[in-house]
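The values are calculated or read from the model by the stated rules, or taken from the named source; none is laboratory data. Given the structure is predicted, the values throughout are model-derived calculations rather than measurements. Note that each Cβ is placed from the backbone with ideal geometry, even for glycine, and that neighbours are counted across all protein chains shown. SASA here: full protein model, heavy atoms, side chains in, ligands and nucleic acids out. Shrake-Rupley method; radii C 1.70, N 1.55, O 1.52, S 1.80 Å.
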Amino acid sequence: MNIKWNANMYTENFSFVHQYGNSVIELIDADRGSSVLDLGCGNGALTNALKDKGYLAKGLDASGELLNIAKEKYPDIDFMQGDAVDFMLSEPVDVVFSNAVFHWIDKSRQQDMLKCVYNALKKNGQFVFEFGGHGNNQKIHDALTEIFSEYGYCYEMPFYFPTIGEYSTMLESAGFQVQYAVLFDRLTDLKGENGLKDWINMFVKKPFLIVKTEQEKIEIVDKAVKALRNDLLINEKWYADYVRIRMKAVRL
Ligand code: BEZ
């Protein structure tokens, strides 16, 4: 999983990602002092929230840029660089936590990631996470699909958004028992008058690699944003049509 982030813009404009993550932390049922790995910790905001809850929190992320921000902001937390689909801890932890990360991992690599999580957990350890679920940002991806085809391109949706059934099966075959699962809509407000345009430019990069010119790219984004005004501009505020999958599983 190798994504190049605009770390400062991510931290400034997309802070809702970790603000929503606070309610995922509530699913953890462990004593103070329990060890928790924040998998895909990004700028460390949620690793710090875990620490504030009394956990012995550490973070792992692939992005050196985001880790630099995390280390500077939270110098007393242990942050490590590593890939979610290929990591190993020196000692197993009581809990693995993750927010808004797994949709970036290709379906073909999910089992590799789950195997790493399994090996990172103590027996009966908890795996608590949320990410984009089935139907996430469907309106945005549908609009982009349509505008791409007007320009003669095929839009390849770059994310993995599973159903509860599909992901539960994966968890079970990786040695976990699912204890809690929910899929829910969460209309998410975006910052500023260019909220949706900024969101597309920030997060939807891969499909645009086939677009031949920068001018075409700008036009496609503008047209998609225009097409989405009816659905996602509400009282002059932009929203993204998020769907979340939130789960808790135990390592057997
Ligand atoms: C999400 O958190 O669901 C998400 C964020 C950016 C791109 C795709 C999904």
For the chain, find the longest principal axis of its Cα atoms and tell me its angle to the long axis of helix 107-120, 0 to 90°, nearest 10.
20 degrees
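Go through Lys58/Lys123; Lys53/Lys73; Lys191/Lys226; Lys53/Lys197; Lys71/Lys212; Lys73/Lys115 and tell me which ones have a Cα-Cα distance over 27 Å in this structure. Walk me through the intermediate numbers first.
Details: Lys58/Lys123 19 Å; Lys53/Lys73 18 Å; Lys191/Lys226 17 Å; Lys53/Lys197 36 Å; Lys71/Lys212 38 Å; Lys73/Lys115 31 Å.
Going by Cα-Cα distance, Lys53/Lys197; Lys71/Lys212; Lys73/Lys115 fall outside the 27 Å limit.
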Taking the solvent-accessible surface of protein heavy atoms with a 1.4 Å probe, what is the per residue accessible area of the range 135-197 in Å²?
51 Å²
Roughly how many nanometres apart are two label points built 7 Å out from the Cα toward the Cβ at Met80 and Met170?
2.2 nm
Can you tell which of Pro162, Pro92, Pro75 shows the greatest fluctuation in a Gaussian network model of the chain with Cα springs below 10 Å?
Pro75
Against the longest alpha carbon principal axis of the chain, how many degrees, from 0 to 90 and to the nearest 10, is the axis of helix 16-25 turned?
30 degrees
Degrees, to the nearest 10: 138-150 long Cα axis against longest axis of the chain:
40 degrees
If one builds a Gaussian network model of the chain from Cα atoms under 10 Å apart, the most fluctuating residue listed among Lys197, Lys212, Lys123 is Lys212
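For Gln111 and Ile218, FRET efficiency with R0 = 35 Å and r from the beta-carbon atoms, rounded to 0.05? Don't jump to the answer; show the numbers that get you there.
On the way: r = 38 Å, r/R0 = 1.10.
The calculated FRET efficiency here is 0.35.
Take every DSSP beta bridge with both residues inside the range 7-251 and express the antiparallel ones as a percent of the total, to the nearest 5. Please report the intermediate quantities before stating the final value.
Numbers: 23 of 41 bridges.
For the range 7-251, the DSSP antiparallel bridge percentage is about 55.
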Residue separation between Asn119 and Gln179 times 0.36 nm, minus their alpha-carbon distance, gives in nm 19.7 nm
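What is the dipole size for the chain, taken about its Cα centre, with +1 at each Lys and Arg Cβ and -1 at each Asp and Glu Cβ, in debye to the nearest 20? Kindly include the intermediate steps, with their values, before the conclusion.
Numbers: 28 positive and 35 negative charges, 60 e Å.
For the chain, the charge dipole is close to 280 debye.
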